[in-house]
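Colleague: First, the structure itself, so that you have it in front of you.
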Amino acid sequence: MNILKPNMIFKVLALVLALLGYYVSPYGPDIGIGGPVASESQNQPGSATSGSFYLATVTRVADGDTITVRNLDGATHKIRMHAVDAPELNQAGGEQSRRWLTEQVLNKNVKIVVNNTDRYKRQVAKVVLPVEGCQQRLCDGETDINLKAIEAGQVWWYREFARSQSSEDRVMYEAAEDQARNARKGLWQQTAPLAPWQWRTEQRNQR
């Protein structure tokens, strides 16, 4: 009587599970050739998993750093743009910042690249104008609206959240803000523009 060796048992089991739609790796769960297998949530429209992305249409611009989008499944999500901070609407430059963002994205198709979800249940994300045919998280030729807003002097680089950016983005965002300030673009035309986080603190202290 032939007795299957342990490695043969594993191969037979793996074959059976593969036929049933499962994947088994000898290196542990969810690990395959070439590294981790992407989780299912990363491919679901509107997923809030860090690093996930999806296509959507912008249906509303609340202010210079907050929008509402509708994904391909018809679900709506509120998006807080990552690593930027726009003037509040009743702060100097707030309405101007919202008008600028409205011109850039309202009713347009965008790619939402999720960083995380904040305490208000908003997806904190990079908003991107995609290039046709791109199936990846980011592609050459795409427009980073978060960065473009800094370049136009419509928002501040939100340095408090720089740690959650890639090193490349940190360099680009900081340089963009320096250039906008030196060129006195947008909010930098003000004599002494007050950062939104400082403005919010002052408002809380006055209550």
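Values quoted throughout were computed directly from the atomic coordinates according to the rules given, and no laboratory measurement underlies them. A quick note: this is a predicted structure, and the numbers were derived from the prediction, not measured. Heads up, the Cβs are rebuilt from the backbone with ideal geometry, glycines too, and the neighbour counts pull from every protein chain shown.
Colleague: If you take the charge dipole of the stretch 50-207 about its Cα centre, with +1 on Lys and Arg Cβ and -1 on Asp and Glu Cβ, which of Leu129, Leu89, Gln165 is farthest toward its positive end?
Modeller: Projecting each Cα onto the dipole axis, the largest value belongs to Leu89.
Colleague: Residue by residue through the stretch 132-140, which ³J(HN,Hα) values in whole Hz follow from phi under the Karplus form 6.51 cos²θ - 1.76 cosθ + 1.60 (θ = phi - 60°), with glycine and proline marked x?
Modeller: 5, x, 6, 10, 9, 4, 9, 10, 4
Colleague: Now for a different question. Mind listing which chymotrypsin sites (Phe, Trp or Tyr not before Pro) in the stretch 67-156 are in a DSSP loop and have 14 or fewer other Cβ atoms within 10 Å?
Modeller: For chymotrypsin sites (Phe, Trp or Tyr not before Pro) across the stretch 67-156 that sit outside H, G, I, E and B with at most 14 neighbouring Cβ atoms in 10 Å, the list reads Tyr120.
Colleague: Kindly rank 158-164, 194-200 from highest to lowest mean number of other beta carbons found within 10 Å of each residue.
Modeller: Packing order, densest peptide first, comes out as 194-200, 158-164.
Colleague: So how do 85-96, 168-179 stack up, highest first, on mean other-Cβ count within 10 Å? Numbers along the way, then the final one.
Modeller: Numbers: 85-96: 18.3, 168-179: 15.7.
So the peptides 85-96, 168-179, ranked by packing, come out 85-96, 168-179.
Colleague: Taking amide hydrogens as modeled 1.01 Å from N in the peptide plane, which residues meet the under 5 Å criterion relative to Ala62, leaving out close sequence neighbours?
Modeller: Placed amide hydrogens put Ile67, Thr68 under 5 Å from Ala62.
Colleague: Calculate how large, on average over all directions, the projected area of the Cα convex hull of the stretch 80-207 is; give the answer in nm² to one decimal.
Modeller: If you wrap the Cα atoms of the stretch 80-207 in a convex hull and average its projections, you get 8.9 nm².
Colleague: Then there is this: On a C-alpha basis, how far is the centre of the stretch 56-77 from the centre of the stretch 156-191 in Å? Whole number, if you could?
Modeller: 24
Colleague: What is the extension gain from Thr49 to Thr68, computed as 0.36 nm multiplied by their sequence separation minus the C-alpha to C-alpha distance, in nm to one decimal?
Modeller: Extra length from Thr49 to Thr68 when fully extended: 5.1 nm.
Colleague: Under 5 Å between amide H atoms, partner at least 5 residues away or on a different chain: which partners does Ser52 have, H built in plane at 1.01 Å?
Modeller: Close amide H contacts, sequence-distant or interchain: Val114.
Colleague: So how far apart, in nm, are the two label points at Ser164 and Gln206 if each is 7 Å from Cα heading toward Cβ?
Modeller: About 2.8 nm, to one decimal.
Colleague: Extending each Cα 7 Å along its Cβ direction at Leu106 and Gln136, get the distance between those two points in nm, one decimal.
Modeller: 3.4
Colleague: Applying a 10 Å radius around every beta-carbon, put 140-147, 123-130 in order of their mean neighbour count, most first.
Modeller: In decreasing order of mean packing, 140-147, 123-130 become 123-130, 140-147.
Colleague: What number, in nm² with one decimal, is the all-direction average of the projected area of the convex hull of the alpha-carbon atoms of the stretch 52-130?
Modeller: 4.9
Colleague: For the stretch 98-170, state what percent of all Cα-Cα pairs lands in each successive 5 Å bin, counting from 0 Å until the bin that includes the largest distance.
Modeller: P(r) for the stretch 98-170, in whole percents per bin: 3, 13, 22, 27, 23, 10, 1.
Colleague: Follow-up. Listed here are the pairs Lys111/Lys185; Lys108/Lys185; Lys78/Lys126; Lys121/Lys148; Lys126/Lys148; which of them are more than 22 Å apart at the Cα?
Modeller: From the list (Lys111/Lys185; Lys108/Lys185; Lys78/Lys126; Lys121/Lys148; Lys126/Lys148), the Cα-Cα distance tops 22 Å for Lys111/Lys185; Lys108/Lys185; Lys121/Lys148.
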